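J.: Here's a structure for you.
The values are calculated or read from the model by the stated rules, or taken from the named source; none is laboratory data. Since this is a predicted model, take the numbers as computed values, not measurements. So basically every Cβ, Gly included, is an ideal-geometry build from the backbone, and we count neighbours across all protein chains shown. Accessible surface areas use protein heavy atoms only, side chains included; no ligands, DNA or RNA. Shrake-Rupley method; radii C 1.70, N 1.55, O 1.52, S 1.80 Å.
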Amino acid sequence: MYTISKTFSVPAPISSLALGHASHLFAGSDDGSLRVYDLSTDKVVKAIRNLNGEVSSIICVKRPGSELRDAWVAHGSMISKFKLDSPKMIQTLDDALGTLSVGETEDDLVNQLSLDGNKSHLAFGLDSGIVGIIELASGSVTKLKQKHDNICSSVQFIGDRAKDLVSAGYDTSVRHIDFTKDELLSETKMDATLAEGGISLSPPFIIATAISPTGVLAVGTADGRLCIFFGGEKHPSKKKSKKWGGLNRDEMLAIKVAEGPIVSLQSALLTPLSRTTRAFSQPNVVAVNAQSGAVVTYEPRILTISTMLGVITQYELIYDSQANDGRAILKQLWQGNVKSIEKVNTMLVDEKRIVVGGLRGDGKGVVEVWTWGQPEQQGHQQLDLGDGSSSR
């Protein structure tokens, strides 16, 4: 099971999280500040302050010769790149390597960033519903005609498909786009009617999405629905199809798992399966490649979700179109509740930990780091930033 191993407190609510080097946690706040924690010492090692609005998304990029990652940071209607191994302990917007103003207006905020597998393009979604692409080599910005009718809350590149992007938004739609052609390839909308019967009292705005390395798409909504799309999954026993079929509703599981909004999803093949499969005695899945005859072993699909009120649940996703009458099964592996967070805004998951960020009852920010099988630890380390932030 997971237990809290660390808690970090900051003056303003946590709005975004990212992991750089294995021990570096990037935490953005809605007051335009960002802190980099070294999780091996619990100290703040770098910081950025006075950015142009809430830090809504962070993408870390490895640079040769440095353990401290560079960071693309979305703040307000802008996106900036920072070199964090600068001699400066605390940077400001003036220290950015470059800044792009991508919103249609100052109030057209950036909601999420996504980096493609080739690390050549950065995607972003705006409050205006626009989906945009930044070509990193040239810095050119393209705003696609394929936009949402309301807030674009999420953008995700699809695994090893270099041209494919999935976007989702408050118009309740999920869109599969070829961004190189600005072409809509497929689309689906969340139904107002619940599969269990009845009408949802809250619109099924899409708040969060996640996509696994193999192409399984997960969608979380404001009315507590979790939708899993298996149609585009890359399988060791199947030849890669020309078109990603991830929005095929015939291969979708939709289930209400919470009474409130699902604010964050993390989907992966290894999160942290080496522990989870042993704890629940789940054998690995073995498939035979029909062309090569090779036997491929791979582990089950794991999805971790968090609700706004801080219920964290980890599921195994079980789906085989030839088994269980073609039905998908959602198996709960673990569930816990945040301890000091009143409202969850963001979460990230890796092989070792679950990290959750949000705000406390007094309106200040807090980060909880949950680790597998580790006892709760106490202690206090503090870097004086002149704003009262601390770690414990």
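J.: Restricting the search to the range 3-17, which residues are within 14 Å of Leu51 (Cα to Cα) and assigned to a loop (DSSP other than H, G, I, E, B)?
T.: Ala12
J.: Something else now. Just wondering, is there one or more residues in the range 370-385 that are within 17 Å of the chain's Cα centre (by Cα) and at pLDDT 55 or above?
T.: Yes: one or more hits.
J.: Related question: In the range 73-124, which residues are of a type in the set (Val, Ile, Thr), more than 21 Å from His24 (Cα to Cα) and assigned to a loop (DSSP other than H, G, I, E, B)?
T.: Those that are of a type in the set (Val, Ile, Thr), more than 21 Å from His24 (Cα to Cα) and assigned to a loop (DSSP other than H, G, I, E, B): Val102, Thr105.
J.: So which residues in the range 25-41 are charged (D, E, K, R) and either surrounded by fewer than 21 Cβ atoms within 10 Å (Cβ to Cβ) or in contact with a helix residue (DSSP H, G or I) (Cβ under 7 Å, 6 or more places away or on another chain) (or both)?
T.: Asp30, Asp31, Asp38, listed by residue number.
J.: Further question on the same structure: In contact with a helix residue (DSSP H, G or I) (Cβ under 8 Å, 6 or more places away or on another chain) and either under 22 Å from Arg353 (Cβ atoms) or β-branched (Val, Ile, Thr) (or both): is that true of Thr99 in this structure? First the steps, then the outcome.
T.: Details: in contact with a helix residue (DSSP H, G or I) (Cβ under 8 Å, 6 or more places away or on another chain): yes; either under 22 Å from Arg353 (Cβ atoms) or β-branched (Val, Ile, Thr) (or both): yes.
Against the criterion (in contact with a helix residue (DSSP H, G or I) (Cβ under 8 Å, 6 or more places away or on another chain) and either under 22 Å from Arg353 (Cβ atoms) or β-branched (Val, Ile, Thr) (or both)), Thr99 qualifies.
J.: Still on this structure, please answer the following. All but one of (1) within 21 Å of Arg249 (Cα to Cα); (2) free of Cβ contacts under 8 Å to residues at least 24 places away in the same chain; (3) among the hydrophobic types (A, V, I, L, M, F, W, C) hold for Val174; state the number of the condition that does not hold.
T.: With respect to (1) within 21 Å of Arg249 (Cα to Cα); (2) free of Cβ contacts under 8 Å to residues at least 24 places away in the same chain; (3) among the hydrophobic types (A, V, I, L, M, F, W, C), Val174 is out only on (2).
J.: Counting just the residues of the range 121-139 that are free of Cβ contacts under 8 Å to residues at least 24 places away in the same chain and touching a strand residue (DSSP E or B) at 6+ places or on another chain (Cβ under 7 Å), which one comes out nearest to Met190 (Cα to Cα)?
T.: Among those that are free of Cβ contacts under 8 Å to residues at least 24 places away in the same chain and touching a strand residue (DSSP E or B) at 6+ places or on another chain (Cβ under 7 Å), it is Glu135.
J.: Okay, next question. Would you please name the residue that is farthest from Ile211 (Cα to Cα), looking only at residues in the range 242-257 that are part of a loop (DSSP other than H, G, I, E, B) and touching a strand residue (DSSP E or B) at 6+ places or on another chain (Cβ under 6 Å)?
T.: Val257
J.: In the range 352-369, what count of residues is obtained for those that are of a type in the set (Asp, Glu) and either in a strand (DSSP E or B) or open to solvent by less than 10 Å² (accessible area, probe 1.4 Å) (or both)?
T.: Adding up the residues that qualify gives 1.
J.: Next question. Look through Ala47, Ala18, Ala22 and report the one residue that is within 13 Å of Thr346 (Cβ to Cβ) and either of a type in the set (A, V, I, L, M, F, W, C) or crowded, with 18+ Cβ neighbours inside 10 Å (or both).
T.: Ala18
J.: Kindly provide the set of residues from the range 209-224 that are of a type outside the set (S, T, N, Q) and open to solvent by 10 Å² or more (accessible area, probe 1.4 Å), ordered by number. Before the answer, list the steps.
T.: Going residue by residue through the range 209-224, those that are of a type outside the set (S, T, N, Q) are 210-211, 213, 215-220, 222-224.
Listed by number, the residues that qualify are Ile211, Pro213, Ala222.
J.: Among the residues of the range 180-202, are any in a loop (DSSP other than H, G, I, E, B), over 26 Å from Leu226 (Cα atoms) and either in contact (Cβ under 8 Å) with a residue 60 or more places away in the chain or open to solvent by less than 50 Å² (accessible area, probe 1.4 Å) (or both)?
T.: Scanning the range 180-202 turns up at least one residue that is in a loop (DSSP other than H, G, I, E, B), over 26 Å from Leu226 (Cα atoms) and either in contact (Cβ under 8 Å) with a residue 60 or more places away in the chain or open to solvent by less than 50 Å² (accessible area, probe 1.4 Å) (or both).
J.: When the range 141-175 is examined, which residues are found to be part of a strand (DSSP E or B) and open to solvent by 50 Å² or more (accessible area, probe 1.4 Å)?
T.: Val141, Thr142, Lys143
J.: Within the set of pairs 6 or more residues apart or between chains, which connect a residue that is of a type in the set (Val, Ile, Thr) inside the range 80-107 to a residue that is in a helix (DSSP H, G or I) with Cβ atoms less than 9 Å apart?
T.: Sorted first by the residue in the range 80-107, then by its partner, the pairs are Thr99/Leu93.
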